[in-house]
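Written out below as structure tokens is the structure these notes cover.
The values are calculated or read from the model by the stated rules, or taken from the named source; none is laboratory data. As the structure is a prediction and not an experimental result, all values here were calculated from the model. Cβ coordinates were reconstructed from backbone atoms using ideal geometry, including for glycine residues, and neighbour counts include every protein chain displayed.
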Amino acid sequence: MLTKKILIVFLLIVALWAAGVAGYVAIEKWTLLDSVYMTAISLTTVGFKEVRPLSDSGRVFTIILITLGVSLFFYAAGTLAEAIVEGHIRGLIGRRRMEKKISKLNHHYIVCGYGRLGRVICQELRMRRFPVVVIDNREAAIKAAANSGLCYLKGDATLDETLLHAGIKRAKGLITVLGTDAANVYITISARSLNPRFIIVARAEDENAEKKMFRVGATKVISPYKIGATRMAMAVLKPTLTEFLDLASHSVGFDLDIEQIEIMPGSDLAGKALKEVSLRERTGVTVLAIKKRGGSLTLQLSPDEPLEPGDTIIAIGTKSGVQKVLEMAGHHITIEEN
């Protein structure tokens with residue numbers, strides 16, 4: 001709406017200048033240069049002397065021209081002020097509304113950087129219906145995040161203040177995929193100092209940076225180039241296995257899902273052995289591995305060993321079957337179809 005008003009003001013100014021020049025040419029029979037000069041000093045009200053003595057008709061025309069010019073000036077100034085004030089207020093209201101929305105989030109994920117990797121990461125998290133907060137200092141990235149319906153903060157993710165505004169103390173995890181290893185290392189340090197218990201996944205391009213990120217508190221460090229190269233090699237060496245893993249991971253046209261499921265306190269699985277709960281018979285889901293709380297991942301499953309709160313199982317099965325296991329483990333997450 002304001003853009004349209006500004007355009008109208010511009011067109012009115014052009015029209016008034018053209019009318020002034022045409023009027024002096026028609027009424028006073030002046031040359032084009034004299035008419036342009038007289039229109040300029042009239043509309044700008046600088047008080048210079050007329051090019052030539054004006055006739056009575058010329059004086060009346062000049063009075064009308066000056067009156068219209070001054071009126072148009074005030075209208076243009078008001079429109080510009082409205083654009084500035086309204087834009088500022090709209091931006092302030094939008095920021096306050098977003099900050100209020102973020103302040104209500106709990107167990108969400110913070111994604112630092114909304115580039116190519118960041119967009120795919122947010123898409124995967126939203127597919128699982130996890131709340132996400134994007135941090136980026138680029139206007140284009142913030143607009144893209146807003147258009148995707150994500151919560152966002154425009155700012156420097158390396159600053160503690162920005163991370164605190166993103167609710168880092170209430171967050172479940174942070175993923176940093178900024179363009180430089182230095183920035184990702186710095187964010188990892190800040191994030192770990194602000195929240196000692198949550199998950200931090202960092203992007204690294206250099207092997208030395210990868211080691212530093214682990215030392216300063218990263219839970220997992222990912223090198224996109226290394227993973228991409230490994231997957232390409234596997235696609236050549238073991239194409240069928242690669243195809244299966246892709247289907248299981250993304251479930252594109254295939255009703256299969258692999259999920260890590262943490263056993264929650266008080267759930268139907270807590271304190272019970274795999275043999276006792278009979279997951280395969282009841283849900284069709286197979287448990288591939290288990291990670292005991294505070295321990296490492298193992299493929300040697302004991303059907304008689306009880307599942308304790310905090311244990312994590314790796315399960316594979318249909319989407320509906322995995323959904324049932326999630327509910328039995330105390331989660332209420334709906335897995336969306338792709």
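What is the residue count in the range 155-172 for residues that are buried (at least 19 other Cβ atoms within 10 Å of the Cβ) and either at negative phi or of a type in the set (A, V, I, L, M) (or both)? Break it down into steps so the answer makes sense when it comes.
Start the filter on the range 155-172 by keeping residues that are buried (at least 19 other Cβ atoms within 10 Å of the Cβ), which leaves 157-158, 162-163, 166-168, 171.
Going one step further and asking which of them are either at negative phi or of a type in the set (A, V, I, L, M) (or both), we end up with 157-158, 162-163, 166, 168, 171.
Final tally of qualifying residues: 7.
Return yes or no: is MET232 part of a helix (DSSP H, G or I) and surrounded by fewer than 18 Cβ atoms within 10 Å (Cβ to Cβ)?
Details: part of a helix (DSSP H, G or I): yes; surrounded by fewer than 18 Cβ atoms within 10 Å (Cβ to Cβ): yes.
Considered against the rule, which asks whether it is part of a helix (DSSP H, G or I) and surrounded by fewer than 18 Cβ atoms within 10 Å (Cβ to Cβ), MET232 comes out as yes.
For the range 113-145, what are the residues that are of a type outside the set (D, E, K, R) and in a loop (DSSP other than H, G, I, E, B)? Give the steps one after another, and end with the answer.
Residues of the range 113-145 that are of a type outside the set (D, E, K, R), as a first pass: 113-115, 117-118, 120-123, 125, 127, 130-135, 137, 140-142, 144-145.
Within the range 113-145, GLY113, TYR114, GLY115, PHE130, PRO131, ASN137 qualify.
Any idea how many residues of the range 29-56 are of a type in the set (Asp, Glu), part of a helix (DSSP H, G or I) and over 16 Å from ALA18 (Cβ atoms)?
Of the range 29-56, the ones of a type in the set (Asp, Glu) are 34, 50, 56.
This time we only want the ones that are part of a helix (DSSP H, G or I), so: 34, 56.
When the remaining residues are screened for being over 16 Å from ALA18 (Cβ atoms), the result is 56.
Number satisfying all stated conditions: 1.
Does ILE110 fit the bill of being at pLDDT 90 or above and assigned to a strand (DSSP E or B)?
Against the criterion (at pLDDT 90 or above and assigned to a strand (DSSP E or B)), ILE110 qualifies.
Any residue at all in the range 66-84 that's modelled with pLDDT of 85 or more and more than 53 Å from the chain's Cα centre (by Cα)?
No - not one qualifying residue is present in the range 66-84.
Being assigned by TED's automatic domain parsing to the domain that holds ARG203, at pLDDT 90 or above and either of a type in the set (A, V, I, L, M, F, W, C) or over 27 Å from VAL201 (Cβ atoms) (or both) narrows it down to one residue among ILE222, ILE263; which is it?
Working: ILE263 fails: assigned by TED's automatic domain parsing to the domain that holds ARG203.
Only one candidate passes the filter, namely ILE222.
Any idea which residue in the range 197-219 is surrounded by the most Cβ atoms within 10 Å (Cβ to Cβ), counting only those that are of a type outside the set (D, E, K, R) and either free of Cβ contacts under 8 Å to residues at least 12 places away in the same chain or farther than 24 Å from LEU164 by Cβ (or both)? Break it down stepwise before answering.
Here is the first cut: in the range 197-219, the residues of a type outside the set (D, E, K, R) are 198-202, 204, 208-209, 213-214, 216-219.
Cutting the leftovers down to either free of Cβ contacts under 8 Å to residues at least 12 places away in the same chain or farther than 24 Å from LEU164 by Cβ (or both) gives us 204, 208-209, 214.
Working: ALA204: 24, ASN208: 9, ALA209: 19, PHE214: 15.
Ranking the candidates gives ALA204 first.
Got a number for residues in the range 43-54 being touching a residue at least 12 places away in the same chain (Cβ under 8 Å), in contact with a Phe, Trp or Tyr (Cβ under 9 Å, 6 or more places away or on another chain) and over 28 Å from LYS5 (Cβ atoms)?
Of the residues in that region, 3 qualify.
Among the hydrophobic types (A, V, I, L, M, F, W, C) and either more than 26 Å from GLU207 (Cα to Cα) or touching a helix residue (DSSP H, G or I) at 6+ places or on another chain (Cβ under 7 Å) (or both): is that true of ALA183 in this structure? Even if it seems obvious, please write down each step before you answer.
Numbers: among the hydrophobic types (A, V, I, L, M, F, W, C): yes; either more than 26 Å from GLU207 (Cα to Cα) or touching a helix residue (DSSP H, G or I) at 6+ places or on another chain (Cβ under 7 Å) (or both): no.
No, not satisfied.
For the range 277-290, which positions are without any contact (Cβ under 8 Å) to a residue 24 or more places away in the chain and either farther than 13 Å from GLY317 by Cα or assigned to a loop (DSSP other than H, G, I, E, B) (or both)? I'd like the intermediate steps shown before the answer.
Narrowing the range 277-290 to residues without any contact (Cβ under 8 Å) to a residue 24 or more places away in the chain: 278, 280-281.
Hit for the range 277-290 is SER278, nothing else.
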